[in-house]
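Heads up: the structure comes next, in structure tokens.
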Amino acid sequence: MRSRRWFRLLWLVAAVAVVLMVFAACEDEEEEAATGTPAGTGTTAAGTPAAGVPELEDGVLQVGSDIAYAPIEFFEEGTTTPKGLDIDLANAIAEELGVTTEFINSGFDGLPGALNASRFDIVMSSMTVTEKRQEEIDFVPYFTAGTDILVASGNPKNITGIEDLSGLTVGVQLGTIQVDQLKAANADLKAGGNPEINVLTFDQNPLAVEQLRIGRADAVIADSPVVANDALLSDGKLEAVGLAIEAAPYGIGLRKESTELKAAVEDALQAVMDSGKYKEILEKWSLAGGAIE
């Protein structure tokens, strides 16, 4: 009888140990999921997140971004570490706000809807401010860029503007203003009795560039800094036409009800500009020409 009781005691101790191990494992998993991919830290003068901003109460500024648009936002090769102009600026803004940043990679076309569904606090993803987008979300402007065209080296099709894309095959990323520009161009071409542009749409810009690289597209249309970067990284196989069509500001996207956060972000961005950090970041990525006042 005594040996049986001892056996039961040992079994009970072992069972408790297993339960504790499982509980600890669950806690580790929850912490990893909550941590995400913070890419910057900072504190305000008071060492606390901006007061009165509900989105910052947890000490984290969640940034939605399509991280495949170098040099504005991209993953360092072979890693999940985000880099680029938007990443550095978001981190600088977060430092002023006294919070960390968490970058959430999401498809560009769905960013406004995901923002309004509270999947993240802000959008920072080379998003041009347009009237259509302003109907859905608010913006804080922070950079200016136009549209350029990427072509094969030597520009064999003699493309000097969007109108020269008539009858050609052009790659473009879904959800970008370039899609609207191509639609407008096709409407004009059709009205004038000219061949329309054959538009190939892709979820990400690098996929469009690859079609140009292998000869399945005659050109790619995208934001001018991105086109310049794609040409630079092509080993001389591609080149930028060198345009800045319809230059307009990029904006940090916010939900319309996030009035406190918008005010805080505006103040933080101004502080980054006043400190000289804004200029340093733009110069780091050779994008000083897109600076705003």
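Readers should treat all values here as calculations from the given coordinates under stated rules, not as data from a laboratory. None of the values given here were measured: they were computed from a predicted structure. Virtual Cβ from ideal backbone geometry, glycine too; neighbours counted across all protein chains shown.
Taking the options Glu135, Glu102, name whichever one is more than 13 Å from the chain's Cα centre (by Cα) and charged (D, E, K, R).
Values: Glu102 fails: more than 13 Å from the chain's Cα centre (by Cα).
Just a single option satisfies the conditions, and that option is Glu135.
In the list Ile177, Ile197, Ile221, which residue meets the criterion of being surrounded by 14 or more Cβ atoms within 10 Å (Cβ to Cβ), more than 21 Å from Ile72 (Cα to Cα) and among the β-branched types (Val, Ile, Thr)? Give the steps one after another, and end with the answer.
On the way: Ile177 fails: more than 21 Å from Ile72 (Cα to Cα); Ile221 fails: more than 21 Å from Ile72 (Cα to Cα).
Selected residue: Ile197, the only one of Ile177, Ile197, Ile221 that is surrounded by 14 or more Cβ atoms within 10 Å (Cβ to Cβ), more than 21 Å from Ile72 (Cα to Cα) and among the β-branched types (Val, Ile, Thr).
Of all residues in segment 60-86, which are in contact with a Phe, Trp or Tyr (Cβ under 7 Å, 6 or more places away or on another chain) and on the phi < 0 side of the Ramachandran plot? Quick ask: steps written out before the conclusion?
The initial filter retains those residues of segment 60-86 that are in contact with a Phe, Trp or Tyr (Cβ under 7 Å, 6 or more places away or on another chain), namely 62-68, 71, 81-85.
Across segment 60-86, the qualifying residues are Gln62, Val63, Gly64, Ser65, Asp66, Ile67, Ala68, Pro71, Thr81, Pro82, Lys83, Leu85.
Pick from segment 119-162 the residues that are touching a residue at least 60 places away in the same chain (Cβ under 8 Å) and among the basic types (Lys, Arg): which of them is nearest to Leu174 (Cα to Cα)?
The extreme case among them is Arg133.
Listed residues Ala184, Ala228; which is surrounded by fewer than 23 Cβ atoms within 10 Å (Cβ to Cβ) and within 20 Å of Gly84 (Cα to Cα)?
Values: Ala184 fails: within 20 Å of Gly84 (Cα to Cα).
Among Ala184, Ala228, only Ala228 is surrounded by fewer than 23 Cβ atoms within 10 Å (Cβ to Cβ) and within 20 Å of Gly84 (Cα to Cα).
Could you list, in sequence order, all residues of segment 253-269 that are of a type in the set (S, T, N, Q) and touching a helix residue (DSSP H, G or I) at 6+ places or on another chain (Cβ under 9 Å)? Let's see the steps before the verdict.
Residues of segment 253-269 that are of a type in the set (S, T, N, Q), as a first pass: 258-259.
Selection gives Ser258 alone.
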